[in-house]
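The values are calculated or read from the model by the stated rules, or taken from the named source; none is laboratory data. Fair warning: this is a prediction, and the values are worked out from it, not measured in the lab. Here the Cβ positions follow ideal geometry from the backbone for every residue, glycine too, while neighbour counts run over all protein chains shown. Side chains are part of the model used for accessible areas, which takes the heavy atoms of the whole protein and leaves out ligands, DNA and RNA. Shrake-Rupley method; radii C 1.70, N 1.55, O 1.52, S 1.80 Å.
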Amino acid sequence: METQKTKYLNPYVGGVLLGLVLLAANFVSGRGLGASGAIKSTLVTAETVIAPAASEKSGFIKEFREEHPGNPMKTWLVFEMTGVLVGGFLSGALAGRLKLKVEHSPKITSRKRLILALTGGVLFGFGSQLGRGCTSGAALSGMAVLSLGGFITMMAIFGTAYALAYIFRKNWI
Amino acid sequence: MGPLSVNELISENTNLFLAFIIGIGFGFVLEQSGFSSSRKLAGVFYGYDTVVLKVFFTAAITAMLGLLFFSLFGWIDLSLVYINPTYLTSAIVGGIIMGAGFIIGGYCPGTSFCGASIGKLDALVFIGGLFIGVLIFGLGYNLWDGMYMAKFLGSPKISQTLGLSDGVFAFLLIIIALSMFWVAEWAEKKFPREEY
């Protein structure tokens, strides 16, 4: 028997709540939210363990270490993103949405969806490093503090996605 | 008073604990709003579901106004709040690459963690892709560090660049957001959809 799905929150109410979470982040830490930074922390840790000699030479890791002295896993974003996994799980559990599945348009196969997800992830991961943050850290948090770069990155992300939407329409609708 | 950790009103460990709590709120609100579904997220680019636009801009405006009011009340010192620096080239090129990743992969980093937390396997694979992408950037850093550092403008506020006060800019942004919400409501009526 299929369990009754709880409906999603009103988007404007969700937006106000998300804004308050972002405000709390700034009030507590003096910085906004983020996501891709936690991935960078994890990779810096892994590289330092697996290939310590190579990691010494990497300009990328050097820059990270200058900004975050100490254990790279003991950073704000790593703790925050661990919370995201817990919060998302709790919400999904309460709403009856916990389910292992590959979500995709009926026009494409699960396999194609997973290949596209991997490709999109690689691009987003790369872009988030070049752009110094993703939709959370650069665009949303940047906009809240009126950062010029935040607004530019936001427009570049959404503008590109709209520009390419027609080409990839069969994957979604 | 604020920011609490910058003013050393709370310890580093308390700061990290609060990061975890704030993260729970972040993940909970994202999931409640439907950001755990890639098809719902992608809807904004086709007009059938504009939840991303509504939540994103409402959140940005709420936090922006909250910071301005907190500053007015003397609750937070905005000069101690981090303003993302502007490197013009990388902000644009990075954004373009992320936009392509968004329409191809259906998630952004934050929402992919949210999707994975309720069992979306496509979100989990997207996260795998994120690690590969960040790793490629790190390994080839010397190839693109010129672009990464190009056109550094400092940390200007968009209001300064436009020659407006923060308050006037905030007011204009609210007007722009309201007009976008109006278009979004119209688009959702025009393009049929189902709930994912």
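Some observations on this one:
- Being under 19 Å from the mean Cα position of the chain (by Cα), of a type in the set (A, V, I, L, M) and more than 7 Å from every other protein chain (Cβ to nearest Cβ) is a property that residue A:156 lacks.
- For segment B:28-61, a residue qualifies if it is more than 14 Å from the chain's Cα centre (by Cα) and either among the charged types (D, E, K, R) or not in a helix (DSSP H, G or I) (or both), and the qualifying residues are B:31, B:33, B:34, B:36, B:37, B:39, B:40, B:46, B:47, B:48, B:49, B:50.
- Residue within segment A:106-124 that is at negative phi, more than 7 Å from chain B (Cβ to nearest Cβ) and under 20 Å from the mean Cα position of the chain (by Cα) present: yes
- With respect to being among the basic types (Lys, Arg) and within 7 Å of chain B (Cβ to nearest Cβ), residue A:40 fits the description.
- Residue in segment A:143-153 that is within 7 Å of chain B (Cβ to nearest Cβ), open to solvent by 10 Å² or more (accessible area, probe 1.4 Å), assigned to a helix (DSSP H, G or I) and touching a strand residue (DSSP E or B) at 6+ places or on another chain (Cβ under 8 Å) present: yes
- Checking each residue in segment B:125-144 for being surrounded by fewer than 24 Cβ atoms within 10 Å (Cβ to Cβ) and in contact (Cβ under 8 Å) with a residue 12 or more places away in the chain picks out only B:127.
- In summary, residue B:23 fulfils each of the numbered conditions (1) more than 18 Å from residue A:76 (Cβ to Cβ); (2) surrounded by 24 or more Cβ atoms within 10 Å (Cβ to Cβ) with the single exception of condition (1).
- Residues of segment B:38-50 that are buried (at least 24 other Cβ atoms within 10 Å of the Cβ) and either touching a Pro at 6+ places or on another chain (Cβ under 6 Å) or at the interface with chain A (Cβ under 7 Å from one of its Cβ atoms) (or both): B:38, B:42, B:45.
- Where helices (runs of 4 or more DSSP H) sit wholly within segment A:52-130, those with at least 2 residues that are touching a Phe, Trp or Tyr at 6+ places or on another chain (Cβ under 8 Å), surrounded by 13 or more Cβ atoms within 10 Å (Cβ to Cβ) and among the hydroxyl-bearing types (Ser, Thr, Tyr) occupy A:76-95.
- Selected residue [aromatic (Phe, Trp, Tyr), more than 7 Å from chain A (Cβ to nearest Cβ) and open to solvent by 10 Å² or more (accessible area, probe 1.4 Å)] from B:35, B:56: B:35
- Flag for residue B:164 being open to solvent by 90 Å² or more (accessible area, probe 1.4 Å) and farther than 20 Å from residue A:138 by Cβ: no
- Qualifying residue in segment B:92-114 (condition: more than 7 Å from chain A (Cβ to nearest Cβ) and either open to solvent by 10 Å² or more (accessible area, probe 1.4 Å) or farther than 23 Å from residue A:109 by Cα (or both)): no
- When segment B:148-168 is filtered for residues that are within 7 Å of chain A (Cβ to nearest Cβ) and farther than 18 Å from residue B:82 by Cα, only B:148 remains.
- Test for residue B:71: is it open to solvent by 20 Å² or more (accessible area, probe 1.4 Å), in contact with a Leu (Cβ under 6 Å, 6 or more places away or on another chain) and either among the aromatic types (Phe, Trp, Tyr) or more than 7 Å from chain A (Cβ to nearest Cβ) (or both): yes
- Within segment B:154-169, if we keep just the residues that are touching a helix residue (DSSP H, G or I) at 6+ places or on another chain (Cβ under 6 Å) and in contact (Cβ under 8 Å) with a residue 24 or more places away in the chain, the residue that is farthest from residue B:57 (Cα to Cα) turns out to be B:156.
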